[in-house]
Amino acid sequence: MVQINNIHKTYNPGTENALHVLKGIDLTINQGEFVSIMGASGSGKSTLLNILGILDNYDEGEYFLDGRLIKNLTETEGARLRNELIGFVFQSFNLLPFKNAVENVALPLYYKGVGRRERYRRAMEELERMGLKDWAEHLPSEMSGGQKQRVAIAGVIAMQPDCIVLDEPTAMLDPSGRNEVIKTIKRLNKESGITVVLITHFMEEAVNADKVFVMDGGKIITSGTPYEVFSQVEILKKRRLNVPVATQLCYKLRACGVDIKSLPLTNEECISLLTEVLK
């Protein structure tokens, strides 16, 4: 789905304020994968997101999206590819406060030229998928943060993109709302085969991904499965990144001499592992 080779991006090139933000990024995301991109503030992940979403250009390298070279596109060409292939979900919901849930979901379809009946059908279908059928006539002000974000996701999915990019989608939510949204994303990925790119700073969310990329200083410093990445506790700490609580606990116990061979990611795995150790 996504192939990025040696991408570089510099803002204000040739000036004393030049800022080399991306420094040779290589990234592969296969169709149907759930990928998480992590990094502290200033690591370059927002710039990478803008390039992935054809919202910004790059200076050097190659970017292929669904087999198409993305370079020097006109604004119209970029917008057309975004509409065809990529859906965005941001942390701020972006719902119109004076329109109810079904109207918010249907609105992007209106701008895509979909007929009224089909817009309503698809909007209701996606709300039902999100468990929000009974909230179709409610305004955003009547919903929780988790519900509003699920309405936003329904609006994106109704556009039938091949890939959905989520930029810190749970940053403004409480733990319950975060759990609602992540469960929804996982289900969409597994049931519909939609490629998911999740930008997050919550480690407990990144553990759900098939693959994790960690950025620092404009480079990808490590990547792999969540188990491979989060076992590198010291590397992540040096980059101002935490690891899941369960991983941290067992890492410290192992440093104290407890016989723990593999580090867990979730609380459930941690409980199971410690139960065996205590036996």
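The values are calculated or read from the model by the stated rules, or taken from the named source; none is laboratory data. Not measured: the values here are computed from a predicted model. Every residue, glycine as well, gets a Cβ built from its backbone with ideal geometry; the counts of neighbours run over all protein chains shown. When the accessible area is computed, the model is the full protein with side chains, heavy atoms only, and any ligands, DNA or RNA have been set aside. Shrake-Rupley method; radii C 1.70, N 1.55, O 1.52, S 1.80 Å.
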For this session: For Leu85, work out the one condition from (1) open to solvent by 10 Å² or more (accessible area, probe 1.4 Å); (2) under 30 Å from Lys219 (Cβ atoms); (3) in contact with a Pro (Cβ under 7 Å, 6 or more places away or on another chain) it doesn't fulfil.
Result: (1)
Problem set entry | Filter result for Thr247 (in a loop (DSSP other than H, G, I, E, B) and buried (at least 21 other Cβ atoms within 10 Å of the Cβ)) | no
Exercise. Do we have any residue at all in the range 228-235 that's touching a helix residue (DSSP H, G or I) at 6+ places or on another chain (Cβ under 8 Å) and either assigned to a loop (DSSP other than H, G, I, E, B) or closer than 28 Å to Tyr120 by Cα (or both)?
Worked result: yes
Exercise. Taking Leu273, is it among the aliphatic types (A, V, I, L, M) and either open to solvent by less than 60 Å² (accessible area, probe 1.4 Å) or touching an Asp or Glu at 6+ places or on another chain (Cβ under 6 Å) (or both)?
Worked result: yes
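Would you confirm, using the coordinates I've provided, whether Leu95 is touching a residue at least 24 places away in the same chain (Cβ under 8 Å) and outside any loop (DSSP other than H, G, I, E, B)?
Spelling it out, it is not the case that Leu95 is touching a residue at least 24 places away in the same chain (Cβ under 8 Å) and outside any loop (DSSP other than H, G, I, E, B).
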Seminar exercise, completed: For the range 118-146, the count of residues that are of a type in the set (Gly, Ala, Ser) and assigned to a loop (DSSP other than H, G, I, E, B) equals 3
Seminar exercise, completed: If we keep only residues of the range 156-205 that are part of a helix (DSSP H, G or I), among the small types (Gly, Ala, Ser) and open to solvent by 10 Å² or more (accessible area, probe 1.4 Å), then the residue nearest to Ala246 (Cα to Cα) is Ser176
Exercise. Are any of the residues in the range 106-117 under 19 Å from Glu191 (Cβ atoms) and not in a helix (DSSP H, G or I)?
Worked result: no
Exercise. All but one of (1) loosely packed, with under 15 Cβ neighbours inside 10 Å; (2) among the small types (Gly, Ala, Ser); (3) over 17 Å from the mean Cα position of the chain (by Cα) hold for Ala101; which doesn't?
Worked result: (1)
